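The values are calculated or read from the model by the stated rules, or taken from the named source; none is laboratory data. Owing to the predicted nature of the structure, the values given are computational and were not obtained by experimental measurement. Quick reminder, even Gly has a Cβ in these numbers, built from the backbone with ideal geometry, and neighbours come from all protein chains shown.
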Amino acid sequence: MNTEFKNKRVLIAGKGVSGQGAYEALTAAGAVCAYAEDEKEWGKFAAELIVVSPGIDCKQPVFTFAKQNSIPLMGEVEVGACLNGDKPIIAVTGTNGKTTVTRLIGEIITRSGRKPAVCGNVGSSFSLAASGGNYDCAVVEVSSFQLETIVSFRPHIAVITNITPDHLDRHKTMKSYCAAKLRIAENQTEKDYLVLSQDDIPLSALEGFAPKSFTLYTSANRKLIGAYTYNGGIYYNCERICDVDRVKIEGEHNIKNALSAVCAAKAFGIRNESIVDALTSFTTDSHRLRLVARIRGKNYYNDSKGTNIAASVCAARAMSGSTCMIVGGSDKGYEYDELFEALPKNIVRVAAVGQTALKVRKAALRAAFENVRTFNDFTAAFEWAASGNEENVLLSPASASFDMFSSYAERGEVFERLVRNVK
């Protein structure tokens with residue numbers, strides 16, 4: 001039993017999934033916990049440790065309080081690592097695809113007969129999963145926010161799916177954002193593995209990066225040390241695993257996600273049969289590019305989880321036929337020029353909605369894309385999108401959801417409800 005936290009007074013900043021998970025896990029470990037809601041009470045609580053949720057950035061008062069009072073501070077993922085003990089950790093980060101890759105790795109491990117705890121940004125928090133302890137290995141989705149506060153977190157296998165601009169409202173620069181992502185390998189040793197995308201991580205992001213772990217790569221374009229596609233097949237180090245067209249999840253981006261999962265699974269020593277079983281049956285998150293309905297010849301696609309430009313470009317390129325796209329939401333600190341530079345020609349209209357609607361429209365006009373209209377109301381944007389003659393309506397906002405919704409899931413659910421009401 002882990003005794004590191006027994007009788008320790010712990011102040012927990014954040015009451016979301018991570019904060020609540022840390023509270024429950026630490027209480028079960030014998031700690032005395034309190035939420036950091038009232039700054040006037042912090043000193044009275046006499047905290048011996050402060051645990052911060054990923055939504056709390058380093059400029060928040062709780063960080064200053066910890067420093068001024070010489071109180072150790074750790075993130076919720078670090079708590080999970082402490083409670084996890086010596087069980088192997090497979091950690092996945094990246095701008096896009098990390099949930100799909102995390103869940104797919106978990107499915108592969110399950111098919112192999114072992115019991116994974118699939119947690120982190122997907123499912124329960126790492127700390128709560130680790131507190132239960134009823135698993136063989138942890139498969140943890142970690143964000144750049146979570147990686148900012150790690151201390152000893154050391155995955156046996158670390159995966160970085162890709163890196164493109166995101167969360168610049170918090171990280172401010174791409175250099176800072178990349179540095180946070182690369183921390184996933186910070187504590188790895190020569191006995192560990194790192195999986196990197198050769199196609200979708202720019203060399204500039206890896207400047208000065210010198211991991212100690214053994215590095216494997218993924219690519220949909222070339223043979224390399226790791227997993228790749230070639231001649232209609234998925235390969236791992238010259239060994240054909242299965243045919244590409246047997247992979248159930250569709251789209252080039254999902255084939256790349258599959259390659260990341262294959263690489264991690266092979267590094268973990270899993271046999272091909274289990275990998276193939278998972279690849280041929282696994283389906284994606286309900287709000288990640290799925291066909292909601294086909295009504296009077298028009299297809300409605302929900303990609304509400306497309307919360308940045310790279311994800312929405314992938315969704316747009318997956319469309320077959322003319323498409324009206326719904327774009328916009330809360331501001332993450334970037335412009336949308338890269339979106340309109342990369343959109344395929346079959347995206348013929350764009351409904352710009354939410355806090356970033358004007359930014360989307362200005363970027364569209366700079367790219368000479370004139371068939372764009374702004375909306376303050378999500379329902380009005382949907383109705384305009386659905387009123388055209390295009391073959392598809394695609395919700396892929398390239399933005400966060402917090403201007404109008406509590407989460408991307410709520411946004412997707414509202415979209416699907418509007419689809420069901422189409423007459």
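Structure summary
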item: Test set (1) over 23 Å from the mean Cα position of the chain (by Cα); (2) in the same structural domain as A267 (by TED's automatic domain parsing); (3) at pLDDT 95 or above - I71 fails condition number; result: (2)
item: Output for segment 165-189, where each listed residue is out of contact with any Phe, Trp or Tyr (no Cβ under 7 Å at 6 or more places or on another chain), part of a loop (DSSP other than H, G, I, E, B) and surrounded by fewer than 20 Cβ atoms within 10 Å (Cβ to Cβ); result: K172, T173, E186, T189
item: Enumerated helices (runs of 4 or more DSSP H) restricted to segment 203-318, each holding at least 1 residues that are closer than 18 Å to I105 by Cα; result: 252-267, 272-279
item: Every residue from segment 9-48 that is surrounded by fewer than 16 Cβ atoms within 10 Å (Cβ to Cβ) and assigned to a loop (DSSP other than H, G, I, E, B); result: K15, G16, G30, E37, D38, A46, E48
item: Considering residues of segment 114-132 that are small (G, A, S) and either without any contact (Cβ under 8 Å) to a residue 12 or more places away in the chain or assigned to a strand (DSSP E or B) (or both) only, the residue surrounded by the fewest Cβ atoms within 10 Å (Cβ to Cβ); result: G123
item: Any hit, segment 89-98, residues being outside any strand (DSSP E or B), hydroxyl-bearing (S, T, Y) and either touching a strand residue (DSSP E or B) at 6+ places or on another chain (Cβ under 6 Å) or within 30 Å of T164 (Cα to Cα) (or both); result: yes
item: Residue in segment 256-293 that is surrounded by the fewest Cβ atoms within 10 Å (Cβ to Cβ), counting only those that are in contact with a strand residue (DSSP E or B) (Cβ under 7 Å, 6 or more places away or on another chain) and among the small types (G, A, S); result: A293
item: Strands (runs of 3 or more DSSP E) enclosed by segment 323-387 - at least 1 residues per element that are over 19 Å from N299 (Cα atoms), among the aromatic types (F, W, Y) and touching a helix residue (DSSP H, G or I) at 6+ places or on another chain (Cβ under 7 Å); result: 372-375
